[in-house]
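Bear in mind that the values in this text are calculations on the coordinates, not laboratory data. What you are looking at is a predicted structure, and each value in this text was computed from that prediction instead of being measured. Cβ sites come from the backbone with ideal geometry, for glycine too, and all protein chains shown count toward neighbours.
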Amino acid sequence: MPIHFYNVAPIPADPNHTRYLDAGVLRFGIEHRLLNPQELKTAYGSDVAASQEIDDNLPEGGVDDQGVSIHVYGSDDGHEYLRFDIFDDEPHFHLLPRDNEQQYWVRYPPELLGDMLPWVMGQLRGRLPELLVMAAGEHLVSNLDGELIGRRVDELNTLVEEARCALTSR
């Protein structure tokens, strides 16, 4: 999976369009997102260096994508440690260290692994501690409640499926 390192924070979640599920030391968010030139300009337009870094790493022809994002926050600090963007054209995920100004962007290869949603659910169920450590959230790991997280992941899966159905019926 190709990994890109960025010295800019990702576009934050829109709290008005994000549904949250509390899971002990974690908080999950689910949001339908659009990623296009206007969204990028709104997020990074006033920061010349960030805009340039984003522009330098866009695919040829730019970006115009959409899909469901699953955000993973720490309940204690509100920091987003992980994001899974289950997008139509360029599915990917982010590891977001705590400095808020860096991110690791990892492309998900659907041509090799199929639909991203089952993979994401598997990561949240089976690899969440390792992913949190990779995103500098190791302080959360010892207090994870596996049973509660399992219930919330079930809810997330249902919400994502519902969101996908709503998008395809438009």
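Summary table
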quantity	calculated
Spacing of the two label points (7 Å from each Cα toward its C-beta) at Arg125 and Glu147, in nm	1.8 nm
Cut-off under 5 Å, modelled amide H: who pairs with Leu144 long-range	none
Region 84-169: chymotrypsin sites (Phe, Trp or Tyr not before Pro) in DSSP coil with no more than 12 other Cβ atoms inside 10 Å	none
Spin-label model distance (nm) - Asp55 vs Ala136, 7 Å beyond Cα toward Cβ	2.8 nm
Average Cα contact separation per residue, the chain, under 8 Å, 6 or more apart, as relative contact order %	25 percent
Amide H partners (placed H, <5 Å) of Tyr81, local residues excluded	Val72, Tyr73, Gly74
Amide H contacts of Phe87 (H built 1.01 Å from N, under 5 Å, at least 5 apart or other chain)	His92
Choice from Ser69, Ser51, Ser142 with maximal GNM fluctuation in the chain (Cα, 10 Å cutoff)	Ser142
